[in-house]
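J.: Take this structure, written in structure tokens, and hold onto it; I'll ask about it next.
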Amino acid sequence: MKKIITLGIESSCDETSVAVIKNGREILSNVVYTQIKIHEQYGGVVPEIASRNHIEAITKVTEEALKEAKMTFNDIDVITPTYGPGLVGALLVGLSYAKGLSYAINKPLVGVNHIEGHIAANYITHKDLKPPFLCMMTSGGNTQIIHVKNYCEFEEIGRTRDDAIGEAFDKIARVIGLGYPGGPKIDKLAKGGQANIELPKTHMDNLDFSFSGIKTAIINLYHKQPDINKADLCASFEKVVTEMLAENVKKAIEKTGVKVVALAGGVSANEYLRKKFLELEKQGVKVYMPDLKLCTDNAAMIGSAGYYRYMNGDISDLKLNAVPNLKIGER
């Protein structure tokens, strides 16, 4: 098998990351510069600040990734940047850098869908994983059930109709005083609580989700009872939203007949969610989940997804632009 080296570049939100990946499955380097400390003081990501910090970091992060992989630009076969979805200004930094690099060193450019990247994080963690499988995508910007039919063929069979689950985590954490980022802080506090608070669970006739109801219920409850036990509130929230995810995944398994499920996205790092999804294995379902370090935004997953797009012949030209609302499977 010919060795293909991809240079993954990720800048869709508040992480500047560059990785060197071999044959889509092996990490040679994965350098991540996070801006969490910068945005914490604002209670969330400020797009303009994120873009400026990407500009300052991108060259240095690339140099570190190549050095860690013990490679030079001459060893790279293909350059694979994220071009959507995400914050348009942030996306443009990584994409513009990649396009300039592609032109300068005369290496092919392959634009990568950020959501496909999250799915591909599982290929790095699990060398045996191959399509077809179902993916439960849970992140700050996306919540959807994706039927992964092949490495480059995807069908969205369920999605959120309002807030993404990660967005709900962040908004709730901000209101009850935990700060940003909300997901890890709610997960940590919930470990000391009991899921004893009744919260609404939204049911759909299809495989879609809605998290605005439970988010609003918690915010209203906290405003009425500011002395409520926050640990119990967080534990109850985690329990209900995890049940909502798991119930729809079970329906998706029945609908498709596919009994392999992979988790993906930042919320897939949630300890309670991971534990509950593993319980599906008692029902004959094989469950995969990425290493914790690959759940949040990183360039290794982008380099992996880019490899499969490259092998599929999906070469981009230098006119490629950032698409902030890019959908799964779109080119």
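J.: Would you confirm, using the coordinates I've provided, whether LYS286 is over 26 Å from HIS114 (Cβ atoms) and modelled with pLDDT of 95 or more?
T.: Values: over 26 Å from HIS114 (Cβ atoms): no; modelled with pLDDT of 95 or more: yes.
No; evaluated as a whole, the condition is false for this residue.
J.: Here's another thing I want to ask about it. Determine which member of the set ALA322, ALA252 is buried (at least 23 other Cβ atoms within 10 Å of the Cβ) and over 16 Å from ILE119 (Cα atoms).
T.: Only one candidate qualifies: ALA322.
J.: Based on this model, can you work out whether SER51 counts as out of contact with any Ser or Thr (no Cβ under 8 Å at 6 or more places or on another chain), outside any helix (DSSP H, G or I) and surrounded by fewer than 23 Cβ atoms within 10 Å (Cβ to Cβ)? Can you show your working first?
T.: Values: out of contact with any Ser or Thr (no Cβ under 8 Å at 6 or more places or on another chain): yes; outside any helix (DSSP H, G or I): no; surrounded by fewer than 23 Cβ atoms within 10 Å (Cβ to Cβ): yes.
No.
J.: Restricting to the range 208-241, name every residue that is of a type in the set (S, T, N, Q), more than 26 Å from the chain's Cα centre (by Cα) and either crowded, with 16+ Cβ neighbours inside 10 Å or not in a helix (DSSP H, G or I) (or both).
T.: Taking the range 208-241 as the starting set, the residues that turn out to be of a type in the set (S, T, N, Q) are 210, 212, 216, 220, 225, 229, 236.
Filter once more, so that each one left must be more than 26 Å from the chain's Cα centre (by Cα): 220, 225, 229.
Within the range 208-241, GLN225, ASN229 qualify.
J.: Return the pair list, or none, for Cβ contacts closer than 9 Å from residues in the range 307-331 that are under 16 Å from SER96 (Cα atoms) to residues that are surrounded by fewer than 16 Cβ atoms within 10 Å (Cβ to Cβ) and aromatic (Phe, Trp, Tyr), at least 6 apart or on different chains.
T.: Listed by first residue and then by second, the contacts come to LEU318/TYR103.
J.: Let me ask something else about it. Identify all residues within the range 88-105 that are polar (S, T, N, Q) and in contact (Cβ under 8 Å) with a residue 24 or more places away in the chain; write none if there are none.
T.: Listed by number, the list holds a single entry, SER102.
J.: Could you please find all residues in the range 1-22 being part of a loop (DSSP other than H, G, I, E, B) and either over 17 Å from GLY111 (Cα atoms) or among the basic types (Lys, Arg) (or both)?
T.: Step one: list which residues in the range 1-22 are part of a loop (DSSP other than H, G, I, E, B), which gives 1-4, 11-14.
Answer for the range 1-22, where residues must be part of a loop (DSSP other than H, G, I, E, B) and either over 17 Å from GLY111 (Cα atoms) or among the basic types (Lys, Arg) (or both): MET1, LYS2, LYS3, ASP14.
J.: Looking at ALA90, ALA104, ALA121, which one is part of a helix (DSSP H, G or I) and closer than 19 Å to CYS295 by Cα?
T.: When all the criteria are applied, what remains is ALA121.
J.: Of the residues that make up the range 38-48, is at least one in contact with a Ser or Thr (Cβ under 8 Å, 6 or more places away or on another chain) and surrounded by 14 or more Cβ atoms within 10 Å (Cβ to Cβ)?
T.: Within the range 38-48, not a single residue is in contact with a Ser or Thr (Cβ under 8 Å, 6 or more places away or on another chain) and surrounded by 14 or more Cβ atoms within 10 Å (Cβ to Cβ).
J.: Quick check on the range 287-308. Is at least one of its residues touching a strand residue (DSSP E or B) at 6+ places or on another chain (Cβ under 7 Å), in the same structural domain as CYS234 (by TED's automatic domain parsing), in a helix (DSSP H, G or I) and closer than 23 Å to ASP128 by Cβ?
T.: The answer is no, given that none of the residues of the range 287-308 is touching a strand residue (DSSP E or B) at 6+ places or on another chain (Cβ under 7 Å), in the same structural domain as CYS234 (by TED's automatic domain parsing), in a helix (DSSP H, G or I) and closer than 23 Å to ASP128 by Cβ.
J.: For the range 124-173, what are the residues that are assigned to a helix (DSSP H, G or I) and under 11 Å from GLY265 (Cβ atoms)?
T.: Passing the criteria: ILE165, GLY166.
J.: Something else now. Please go through the range 13-43 and give me each residue that is modelled with pLDDT under 95 and on the phi < 0 side of the Ramachandran plot, ordered by number.
T.: CYS13, ASP14, GLU15, THR34, GLN35, ILE36, LYS37, ILE38, HIS39, GLU40, GLN41, TYR42
J.: If you don't mind, another one. Does the range 273-294 contain any residue that is of a type in the set (Phe, Trp, Tyr) and in contact with a helix residue (DSSP H, G or I) (Cβ under 6 Å, 6 or more places away or on another chain)?
T.: yes
J.: Separate question: Would you say THR202 is in the same structural domain as ASN248 (by TED's automatic domain parsing), surrounded by 15 or more Cβ atoms within 10 Å (Cβ to Cβ), within 24 Å of ASN325 (Cα to Cα) and β-branched (Val, Ile, Thr)?
T.: no
J.: Only one residue in VAL110, VAL93 is in contact with a His (Cβ under 8 Å, 6 or more places away or on another chain), surrounded by 22 or more Cβ atoms within 10 Å (Cβ to Cβ) and not small (Gly, Ala, Ser). Which one?
T.: One residue alone meets the criteria, VAL93.
The values are calculated or read from the model by the stated rules, or taken from the named source; none is laboratory data. Computed from a prediction, not measured in an experiment: that's the story for all the values here. Don't worry about glycine lacking a Cβ; one is built from the backbone with ideal geometry, like all the others, and counts go over all protein chains shown.
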